[in-house]
Amino acid sequence: MIDHEMEAVARQLWPSPQRLQLATGGLFNRVVQVQSPVGTTYLKRFTDAASSGDFPPLPTSASQRCLVAANWHELALRASAREPRAAVPSLVAVQTALDLVAMEEAQGEPLYDALVGDGLGVGATLQTVTAWLGALHSLPLEPRPLLWAASGPFKAFKIDLQYTRMLPEIPQALHAAGERFVADYLQRSEEPVHGDLNSRNILSAEGAVSVIDFEQGHFGEGVYDLVHCIIE
């Protein structure tokens, strides 16, 4: 079932006639695709409860993740103005009362498809993304205290999942170094990073590159984003 409040927002933002349908989202958000005379657009609404399964709440609220998504999305658009080879879909609206963002459609197919397929174009795409990241990481993002409070707990949650819980899988001799790395990165806050730059959040098509999904943005060190690409 499509969220009635999301449907109402769609009717306000885009002209009729419309075709609304559920789209793939995450466990803690709902996504609706809107097709109208202006083209294909999307609504994403953040939630406090998981859409399926018995998952505990995330360490940040839906309103905090909406705040992060909107601010990092705007930062990403500024990065694309500096490095136009990598596009970011336009942010149409932010409805803070509903923890909802509206955006245009990003062009291309997930880089994941190329990684598990013939691999064509992956190198050129990553070069473009790396140049774009250089712009993203160098831009200031304010209001910093508010955004740090909204993103910091999720950063700690993600680092725990990706690194701390993986320590038992590496040789015992490396555990101390791994623990020092985790402690150091949790204190890093020099640069705004995407936070979830995996191959499904990078789209490519005929030489064009787009980057999407900014709700896991946080303050850290830019190399974190590169690691996400390298491990895949």
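The values are calculated or read from the model by the stated rules, or taken from the named source; none is laboratory data. Nothing here was measured: the structure is a model prediction, and the numbers come from that model. Heads up, the Cβs are rebuilt from the backbone with ideal geometry, glycines too, and the neighbour counts pull from every protein chain shown.
If you filter region 198-221 down to residues that are under 22 Å from A106 (Cβ atoms) and of a type in the set (G, A, S), you find that the one that is modelled with the lowest pLDDT is G207.
With respect to (1) out of contact with any Lys or Arg (no Cβ under 7 Å at 6 or more places or on another chain); (2) touching a residue at least 60 places away in the same chain (Cβ under 8 Å); (3) of a type in the set (G, A, S), the lone exception for A173 is condition (2).
Restricting attention to region 8-43, the residues that are part of a helix (DSSP H, G or I) and surrounded by fewer than 15 Cβ atoms within 10 Å (Cβ to Cβ) add up to 3. The residue pairs whose first member lies in region 208-232 and is closer than 17 Å to V182 by Cβ and in contact (Cβ under 8 Å) with a residue 12 or more places away in the chain, whose second member is surrounded by fewer than 16 Cβ atoms within 10 Å (Cβ to Cβ) and among the basic types (K, R), and whose beta carbons are closer than 8 Å, counting only pairs six or more residues apart or on different chains, are F219/R144. As for region 169-189, it holds no residue that is under 15 Å from the mean Cα position of the chain (by Cα), within 27 Å of L126 (Cα to Cα) and not in a loop (DSSP other than H, G, I, E, B).
Among the conditions (1) of a type in the set (A, V, I, L, M); (2) surrounded by 12 or more Cβ atoms within 10 Å (Cβ to Cβ); (3) modelled with pLDDT of 95 or more, L111 misses just one, which is (3). Filtered by the rule that a residue be in contact (Cβ under 8 Å) with a residue 60 or more places away in the chain, buried (at least 17 other Cβ atoms within 10 Å of the Cβ) and more than 12 Å from I212 (Cβ to Cβ), region 84-108 gives Q95, L98, L100, A102.
All of A124, A131, A149 fail the test of being over 18 Å from G217 (Cβ atoms), surrounded by fewer than 18 Cβ atoms within 10 Å (Cβ to Cβ), at pLDDT 95 or above and of a type outside the set (K, R), apart from A131. Counting only residues that are over 19 Å from G207 (Cβ atoms), touching a strand residue (DSSP E or B) at 6+ places or on another chain (Cβ under 6 Å) and of a type in the set (G, A, S), region 69-100 holds 4 of them.
Condition check for S52 on (1) over 17 Å from G195 (Cα atoms); (2) at pLDDT 95 or above; (3) of a type in the set (G, A, S): one failure, at (2).
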